[in-house]
Each structure stands twice: as structure tokens, then as C-alpha cells.
Amino acid sequence: MSGFSRTESLPPSQLATVSSRVGFSPASRNRLTDYDLGRFPGDTLLDHVARAACHAACLPRKELYEAWETARRVRRLFRGGRIVDLAAGHGLLAQLMLILDDTSPQAVAVDQVVPPSAATLHRALVDRWPRLAGRIGFLGSPLDAVLIRPTDIVMSIHACGALTDLVLERAIAARARVAVLPCCHDVARSDPGGLSGWMNDALAIDVMRSRRLASAGYRIWTQVIPGEITPKNRLLIGVFDGTVSS
């Protein structure tokens, strides 16, 4: 008896059809592979990015959607600037920011440990967008190892717990533009501001983060990405304009 499933034995032309019929959650941690190509048949930018990620066969599905929804919201507000992606993982967010706006000269993706598959994903994206070649740096180091400039856009998706606070501190110190999608809120390490009697701890911590930016002279935007991608979906964006909010 064959050890292959029925779908594994189908020709590639039929795999896409089978794949497109099966339930598909954007919150899944399953890796995108060529089996998923049929889910992205269109000519939208997201379809093109997703097909490149499928060819790379290393990116968890939810990372595609988290990065896409974050990048497109930030690009509606900010153009240009070097992208500094902290706690970057595969570095997809940094690369999407360059794909969406070619006036950014370069990007750096920083994480304590850069996954080996980050290079695989990068090659797949360069195959589709050759203009990315030589413009993305991957740095395996602590998040405070890279110098932040005032013209940068500092970003992070799901920097765990107090790492989000570090990202905000680094951006504020340089008066750089910033966008964070926090997760893993820890009241022992992040400030809920005494608000936990009115709201849950995670929301209280994020409210205090927004006020910290405003008190440092930032104009802020508070948004959400779709909850079906992640319940940790609050997006905090800021730009220094020198107006201190009390």
C-alpha cells in the first residue's frame, strides 16, 4: 500500500485546486508551501508576495498576514526612511516596507538569533523583486546593537513583553518614526499605569505605551489589524512632532 496521501499523489495542476478548497486560517502557524499556491491566484501585491513565500516554504502563514497588514497601514502614513525591523524573525516586514515604497533606501532586520530560513525567504523575494538585492541587512544581535537615526522608521511585530518597551525607548531616544504590534504583556515588567481596575492588563499596558509616546512629543495613531489573524492585534504608530500631550 502506498505511503502517500491522495493529495500528495496528485499532479501539481490539481494540487492547487484541492488546496483552494480546504479551510484556510490566516492565524495558522503552518508554513506556506507550493501546495498553497492555489490560494493566491490573483494579481494583487499580496498574492505576489504570498506566492514568493510559498516557493520559500519556510514562512508561517500568520507571519505573512501580520507583516502585510502592519506594513500597508504604516505605509499609508510614512514614506521613505531606512527601515529598522527589531525582533524581526524572517525579516518579512522590513522587505515588505521596501516593496511598498521604493524610496526607502535600505532596511535592517535585527533579532537575537536570525533564523537560517530568513535567507531562503529573502532569496525568494529577490527572485520576484530584484531591486531588493543588496538593500536588506540581517543582524543577529541584541535589539540595542543598531544605531537608530531620526530619519528611520523603527518597527516591530510581536516583540515579546518588555521588548516592545525597548523598541519604543530606542525610537523615542532618536525621535524616529515608530510602529509596534505588541504581544505577551507582562505586568511585572511593563507599566499598566494603575488602570487594571478599569480594563484588562494587556490593554492598560498598551494605553500607557501610547501615552508615553504622546508625552515624548509624538503624534500617535492607534489601529488594529484583523482579529482573525491574531488576537494581539493593536497597532501603535507614532511620529515625533514636538507637541507634548499631557
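The values are calculated or read from the model by the stated rules, or taken from the named source; none is laboratory data. Please read all numbers here as calculations on a predicted model, not as lab measurements. Heads up, the Cβs are rebuilt from the backbone with ideal geometry, glycines too, and the neighbour counts pull from every protein chain shown.
The numbered conditions (1) in the same structural domain as Arg177 (by TED's automatic domain parsing); (2) under 14 Å from the mean Cα position of the chain (by Cα); (3) assigned to a loop (DSSP other than H, G, I, E, B) are all true for Ala27 except (1). Checking each residue in region 165-193 for being part of a loop (DSSP other than H, G, I, E, B), modelled with pLDDT of 95 or more and surrounded by fewer than 20 Cβ atoms within 10 Å (Cβ to Cβ) picks out only Arg175.
Ile136 meets the stated requirement of being in contact with a strand residue (DSSP E or B) (Cβ under 6 Å, 6 or more places away or on another chain), without any contact (Cβ under 8 Å) to a residue 60 or more places away in the chain and not assigned by TED's automatic domain parsing to the domain that holds Phe24.
The rows are residues; the columns are (1) under 22 Å from Arg170 (Cβ atoms); (2) among the charged types (D, E, K, R); (3) surrounded by fewer than 13 Cβ atoms within 10 Å (Cβ to Cβ); (4) at pLDDT 95 or above.
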position: Ser104; (1), (2), (3), (4): yes, no, no, yes
position: Val108; (1), (2), (3), (4): yes, no, no, yes
position: Ala124; (1), (2), (3), (4): no, no, no, yes
position: Asp127; (1), (2), (3), (4): no, yes, no, yes
position: Leu132; (1), (2), (3), (4): no, no, no, yes
position: Gly140; (1), (2), (3), (4): yes, no, no, yes
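A residue that is charged (D, E, K, R), closer than 26 Å to Thr222 by Cα and assigned by TED's automatic domain parsing to the domain that holds Leu166 can be found somewhere in region 85-100. Gly217 fulfils the conditions (1) touching a Pro at 6+ places or on another chain (Cβ under 9 Å); (2) surrounded by fewer than 18 Cβ atoms within 10 Å (Cβ to Cβ) except for a single criterion, (1).
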